[in-house]
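Below: the structure, in structure tokens.
The values are calculated or read from the model by the stated rules, or taken from the named source; none is laboratory data. Keep in mind the model is a prediction, meaning the values are calculated, not measured. Cβ atoms come from the backbone with ideal geometry, glycine included; neighbour counts cover every protein chain shown.
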Amino acid sequence: MVTFEQVEKLRERTGISYEEAKKALEKTNGDLLEAVINLEKQNRIQPPQSGGYYHSREEKMKAQAGGSRKSTGGQAKKGDSSSFGEVMGNIIRFCKELIHKGNTNSFEVVKGGTKVMVVSMTVFVLFLIFAFWVVIPLIIIGLIFGYRYRFEGPDLGKAEVNRAMDTVSDATKRAVDTVIDTAKNISKDVNKNKGEQSNGEGSDH
């Protein structure tokens with residue numbers, strides 16, 4: 001699994017965005033050097049000024065061990081250790097990216113094809129964290145009464161995600177219909193038994 005530290009190291013080496021660095025590392029199972037080489041081959045970053053790609057065994061061992069960083073132009077090495085301010089800056093940038101994603105994706109409540117409510121994922125997650133004892137029961141009650149939930153946005157508005165949400169809604173609706181039908185049948189049986197008892201008492205007289 002790719003860690004936050006690995007992504008930040010790749011960003012320091014290449015200057016690419018957090019998302020690009022994460023995707024590059026996921027393709028190489030966290031191999032930092034291999035990710036750099038792939039980015040160079042794809043012309044997404046500049047190769048070393050001395051020519052060729054990063055390929056030496058020594059460089060790979062240093063990258064895996066988290067050693068000192070080697071500059072692309074053969075300049076002076078710089079240690080990987082970061083000051084407290086740099087670490088806090090990285091954390092703040094990471095939080096900003098999360099908030100940005102939360103604001104560009106939304107949670108929707110739909111009833112009969114009409115959107116009843118739309119909230120950003122940032123707000124929805126905050127409600128889940130600080131008022132889950134209210135939100136979760138409301139979601140379940142909504143499913144029982146035929147409401148459906150969907151995600152919209154570049155990250156969460158995927159067809160497979162919303163299909164899964166629809167599957168849950170359909171399963172809940174079938175379960176509710178089964179309970180209602182069972183209750184109706186029980187009510188009919190009770191009324192039928194009462195009617196038979198009443199007829200039996202009337203015939204005795």
### Query
Tally time: how many residues in region 17-38 are among the aliphatic types (A, V, I, L, M) and over 22 Å from the mean Cα position of the chain (by Cα)?
5
### Query
How many residues does region 138-168 hold that are assigned to a loop (DSSP other than H, G, I, E, B) and modelled with pLDDT under 80?
4
### Task
Spot the failing condition for Ala171; the list is (1) part of a helix (DSSP H, G or I); (2) closer than 30 Å to Glu8 by Cα, and only one is missed.
(2)
#### Entry: Test result for Phe132, at pLDDT 85 or above and surrounded by 13 or more Cβ atoms within 10 Å (Cβ to Cβ)
no
### Task
Give just the number: which of (1) closer than 25 Å to Glu19 by Cβ; (2) out of contact with any Phe, Trp or Tyr (no Cβ under 9 Å at 6 or more places or on another chain); (3) part of a strand (DSSP E or B) does Lys115 not satisfy?
(1)
